[in-house]
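The values are calculated or read from the model by the stated rules, or taken from the named source; none is laboratory data. Worth saying up front: this structure is predicted, and the values here are computed from it rather than measured. All Cβ positions, even for glycine, are placed from backbone atoms using ideal geometry, and neighbour counts span all protein chains on display. Only protein heavy atoms, including side chains, enter the accessible area calculation; ligands, DNA and RNA are left aside. Shrake-Rupley method; radii C 1.70, N 1.55, O 1.52, S 1.80 Å.
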Amino acid sequence: MKQCTHADALPHPEPEALNQTCPECLRDGTHPVQLRLCLTCGHVGCCDSSPGRHATEHHEKSGHPVMRTFEPGEDWRWCFVDHVLV
């Protein structure tokens, strides 16, 4: 089973969210489907089901490897680099 090689390097405690919604969606006038929190810097971006795919875009531009869901009642993390749940 493949494992995430980045989780141990994440900051503790995890960063505070910089926003409560996706700022790129607000800028573009689109609606985020679900939100994701970057566990390196606290950027909030929309998921790949959203028109802008801003969480993935953030990873591609920043190289930050792991995000977690920013949805109430959900608790999971995803490593973009290793393509696994953390």
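On the accessible surface of the chain, probed at 1.4 Å, how many percent belong to carbon and sulfur atoms? Write down the numbers at each step before the final one.
Values: 2720 of 5250 Å².
Whole-percent figure for carbon plus sulfur exposure: 52.
Considering Cα pairs under 8 angstrom that are at least six residues apart, work out the relative contact order of the chain and quote it in whole percent. Result for the chain is 28 percent. Computed over the stretch 40-86, relative contact order equals 24 percent, with contacts defined as Cα pairs under 8 Å that lie 6+ residues apart.
Among H64, H12, H31, the largest mean-square fluctuation in a Gaussian network model of the chain, built with springs joining Cα atoms closer than 10 Å, belongs to H12.
Just checking the listed ones, T69, T30, T40: in the Gaussian network model of the chain with Cα springs under 10 Å, the one fluctuating most is T30. Starting from the Kirkwood Rh over alpha-carbon pairs, what translational D in µm² s⁻¹ does the chain have by Stokes-Einstein at 20 °C and 1.002 mPa s? Once the numbers are plugged in, D ends up at 167 µm²/s. Given a 1.4 Å probe and the protein chains as shown, D75 ends up with an accessible area of around 140 Å². In the chain, what cysteines have no partner Cβ closer than 4.7 Å? Result for the chain is C38, C41, C47, no neighbouring Cys Cβ within the cutoff.
Which loop GluC sites (Glu not before Pro) in the stretch 15-86, with loop taken from DSSP, have no more than 11 other Cβ atoms within 10 angstrom of their Cβ?
Details: sites: E16, E24, E57, E60, E74; in loops: E16, E74.
Here the GluC sites (Glu not before Pro) that fit, given the DSSP loop and packing criteria, are E16, E74.
GNM remark for the chain: springs join alpha carbons under 10 Å apart, and the peak mean-square fluctuation among G45, G63, G73 falls on G73.
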